[in-house]
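Right, one structure below, let's go through it.
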Amino acid sequence: MKVISVVGARPQFVKLAPIHRAMKAAGMDHVIVHTGQHYDPMLSDVFFEDLGIGDPDVHLGVGSGSHGVQTGSMLAALDAVFDEHRPDWVLVYGDTNSTVAAALSAVKMHIPVAHLEAGLRSFNRRMPEEHNRVLTDHAADVLLAPTEVAMGHLTHEGLEDRSVMVGDVMTDVLFEMRDKVGAEPSRLVAELVLEPGEYYVATIHRAENTDDPERLASVVDALSALDRPAVLLAHPRVVAKAAEHGIDLQRGTLLTHAPLAYPDLINAVMSSAGVVTDSGGLQKEAFLLRIPCTTVRTETEWVETVQLGWNVLANSAAEIADAVRRPMPATTFEAPYGDGNAAERVVEVLSAGSLR
């Protein structure tokens with residue numbers, strides 16, 4: 001059986017790692033296509049190295065651009081890739097432009113599509129990611145849901161007959177990486193001369209927090225006035241937008257650092273007092289590591305992290321400050337994101353064929 005995985009952004013590379021290992025163990029022909037949506041080496045190349053994936057088989061190199069330009073470039077390139085390889089499945093991940101482009105290209109060529117991380121919903125139609133995930137779910141042949149909440153959304157939308165609960169593959173790789181780096185001293189702590197447990201890790205990249213200069217300035221003001229150093233792992237989008245609008249990313253308690261390789265990121269989070277982010281992946285990683293998270297958004301797809309008290313939604317500077325200073329959440333042994341064996345279940349589902 002031949003499966004093509006299409007990825008293009010940091011969270012997708014993380015999800016790809018356990019899938020790639022499980023497919024190789026099952027004797028599948030696994031072809032990896034990197035669209036080039038994330039093209040900075042620290043957000044792209046190092047993940048393939050650090051997670052043991054190896055070089056992608058195909059690199060489209062689409063780079064940046066508006067949603068329409070980027071998605072259109074991917075569609076044009078993917079048609080030729082799928083026509084050359086003619087896989088049994090195209091596996092798409094998450095909610096990026098790479099996700100929806102690969103799904104559209106494959107279904108129009110009558111190639112079965114499986115969507116990993118199906119059924120997530122923010123119910124915020126201003127988010128491009130929300131449209132990407134909804135369109136992909138309704139186009140795909142098999143929907144691989146990470147949680148019971150996601151399964152409920154798919155059932156509500158009439159997609160139950162092609163949905164299956166597999167768990168979350170990010171749990172697979174996170175547990176493995178936690179055990180690998182947990183005992184090592186944090187490189188970030190050593191480099192910035194920080195005290196373990198006395199700093200926050202921050203990432204901000206979503207359009208709703210970066211495109212409006214007033215909004216970006218407000219978030220930066222909040223980070224620069226926290227009670228401990230806040231290390232902003234600055235996505236190229238944030239750096240460019242801040243420079244464009246004259247916003248200083250290095251002031252007060254705010255420190256700026258380049259994005260970290262995945263093992264270093266997990267290590268830095270494990271040594272931190274908390275996380276401040278608008279990243280879906282990092283919200284969940286913080287929860288799995290039992291590190292308090294403050295999410296700079298009005299909603300989250302990972303509602304379980306909020307329900308269990310390990311994540312708080314905050315938007316104003318005052319809300320962010322209150323959230324990061326809150327008491328440590330109550331201990332929980334709940335495991336809404338699975339047991340670390342989701343990748344094997346994905347392989348079993350694809351091997352069995354369509355659910356319809």
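Some notes on this structure:
- Pairs exceeding 21 Å between alpha-carbon atoms, taken from Lys15/Lys180; Lys2/Lys108; Lys2/Lys24; Lys241/Lys284: Lys241/Lys284.
- Working ranking of peptides 217-226, 148-157, 266-275 by packing, defined as the average number of other Cβ atoms within 10 Å per residue, highest first, is 266-275, 217-226, 148-157.
- Gain upon complete extension [Glu334, His156; 0.36 nm per residue less C-alpha separation]: 61.6 nm
- Extended-chain gain in nm, criterion 0.36 nm per residue less alpha-carbon gap, Glu49 and Thr298: 86.2 nm
- Longest site-free stretch - the chain; sites: chymotrypsin sites (Phe, Trp or Tyr not before Pro), DSSP loop, at most 12 other Cβ within 10 Å: 124-332
- Phi to ³J(HN,Hα) by Karplus 6.51 cos²θ - 1.76 cosθ + 1.60 over the stretch 281-288, Hz, x for Gly, Pro: x, 6, 4, 6, 4, 4, 4, 5
- Once backbone amide H atoms are built at 1.01 Å from N, Leu254 has Ala230 as its partners under 5 Å, excluding neighbours fewer than 5 places away on the same chain.
- Each residue of the stretch 296-309 is assigned a 3J(HN,Hα), and the resulting list reads 8, 8, 8, 7, 9, 6, 9, 5, 4, 5, 6, 4, 8, x Hz, derived from the Karplus form 6.51 cos²θ - 1.76 cosθ + 1.60 (θ = phi - 60°), x at Gly and Pro.
- Reported label for calculated Cα extents along the principal axes in Å given (i) 55, 44, 38; (ii) 85, 38, 37; (iii) 90, 47, 38: (i)
- The accessible-area ordering, largest first, of the residues Lys241, Lys24 stands as Lys24, Lys241, per a 1.4 angstrom probe.
- Model label zone, Glu148; criterion: amide N under 17 Å from point 7 Å along Cα-to-beta-carbon; scope the stretch 329-355: 332-340
- Sites Ala207 and Arg251, calculated FRET efficiency, Cβ-Cβ separation with R0 22 Å, nearest 0.05: 0.40
- Helix-only CD estimate at 222 nm, as mean residue ellipticity for the chain, using -39500 (n - 2.57) per DSSP H run (n ≥ 4): -13000 deg cm²/dmol
- Heavy-atom accessible area ranking, 1.4 Å probe, most first, across Asp55, Asp278: Asp55, Asp278
The values are calculated or read from the model by the stated rules, or taken from the named source; none is laboratory data. Note that the coordinates shown come from a computational prediction; the quantities given were computed from them, not determined experimentally. Cβ atoms come from the backbone with ideal geometry, glycine included; neighbour counts cover every protein chain shown. Ligands, DNA and RNA are stripped out before the accessible areas are found, and what is left, the full protein with its side chains, is counted by its heavy atoms. Shrake-Rupley method; radii C 1.70, N 1.55, O 1.52, S 1.80 Å.
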